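Undergrad: The following block contains the structure, expressed as structure tokens.
The values are calculated or read from the model by the stated rules, or taken from the named source; none is laboratory data. What you see is a predicted model, and the numbers here were worked out from it, not measured in a lab. Note: ideal-geometry Cβ built from the backbone for every residue, glycine included; neighbour counts use all protein chains shown.
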Amino acid sequence: MAESYKTWVRKTGKRKGWLTCGNGPEMEFGAPPDAHGKEGWLTPEDAFAGALNTCIHLDKTEVFTHVVLRPRITVRNDDGSKVHRALQMARKYSLIAPSLKSDLIIEPEIIIEATV
């Protein structure tokens with residue numbers, strides 16, 4: 001198995017974003033229709049189930065020991081405490097995060113912009 005896999009996501013609107021995979025593919029993603037999203041785009045749930053299905057199809061037996069997320073978040077009119085709270089809530093209510101056997105590490109970079 002490769003040493004690491006990298007992806008980048010960029011928020012493009014409320015409940016949607018753009019995914020770039022280190023291996024080349026890029027695509028729009030967002031919330032599913034039952035979570036105020038739309039039909040026809042990749043959802044986190046689809047990606048999770050697809051990763052599991054394709055990996056089993058390829059018959060791999062290795063394991064991810066940990067997953068490190070390094071979001072870069074820019075805020076205004078805040079000291080970063082709201083970002084930390086939002087990340088805690090996202091992790092708590094994520095459908096995917098509690099399904100992981102490996103350690104999930106979140107190391108945010110919080111950029112605080114001065115208001116003009």
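Undergrad: Of the residues R91, R15, which single one is under 30 Å from T115 (Cβ atoms), modelled with pLDDT under 95 and out of contact with any helix residue (DSSP H, G or I) (no Cβ under 7 Å at 6 or more places or on another chain)? Give the steps one after another, and end with the answer.
TA: Values: R91 fails: out of contact with any helix residue (DSSP H, G or I) (no Cβ under 7 Å at 6 or more places or on another chain).
Just one listed residue meets the conditions, R15.
Undergrad: Within the bounds of the range 33-44, is there any residue that is loosely packed, with under 10 Cβ neighbours inside 10 Å and within 24 Å of S102 (Cβ to Cβ)? Can you show your working first?
TA: So in the range 33-44, the residues loosely packed, with under 10 Cβ neighbours inside 10 Å come out as 34, 39-40.
Okay, now just the ones that are also within 24 Å of S102 (Cβ to Cβ), so none.
So far as the range 33-44 goes, no, none of its residues is loosely packed, with under 10 Cβ neighbours inside 10 Å and within 24 Å of S102 (Cβ to Cβ).
Undergrad: Would you check which residues across the range 55-70 are at pLDDT 90 or above and surrounded by 10 or more Cβ atoms within 10 Å (Cβ to Cβ) and list them?
TA: Result: V67, V68, L69, R70.
Undergrad: Would you please name the residue that is surrounded by the fewest Cβ atoms within 10 Å (Cβ to Cβ), looking only at residues in the range 1-30 that are among the charged types (D, E, K, R) and part of a loop (DSSP other than H, G, I, E, B)? Step through it out loud before you land on a result.
TA: So in the range 1-30, the residues among the charged types (D, E, K, R) come out as 3, 6, 10-11, 14-16, 26, 28.
Imposing the further condition that a residue be part of a loop (DSSP other than H, G, I, E, B) reduces the set to 3, 6, 14-15.
On the way: E3: 4, K6: 10, K14: 9, R15: 14.
Restricting to residues being among the charged types (D, E, K, R) and part of a loop (DSSP other than H, G, I, E, B), the top hit is E3.
Undergrad: May I ask you to list the residues in the range 71-95 that are surrounded by 11 or more Cβ atoms within 10 Å (Cβ to Cβ) and within 20 Å of W8 (Cβ to Cβ)?
TA: Listed by number, the residues that qualify are P71, I73, V75, V83, A86, L87, A90, R91, S94.
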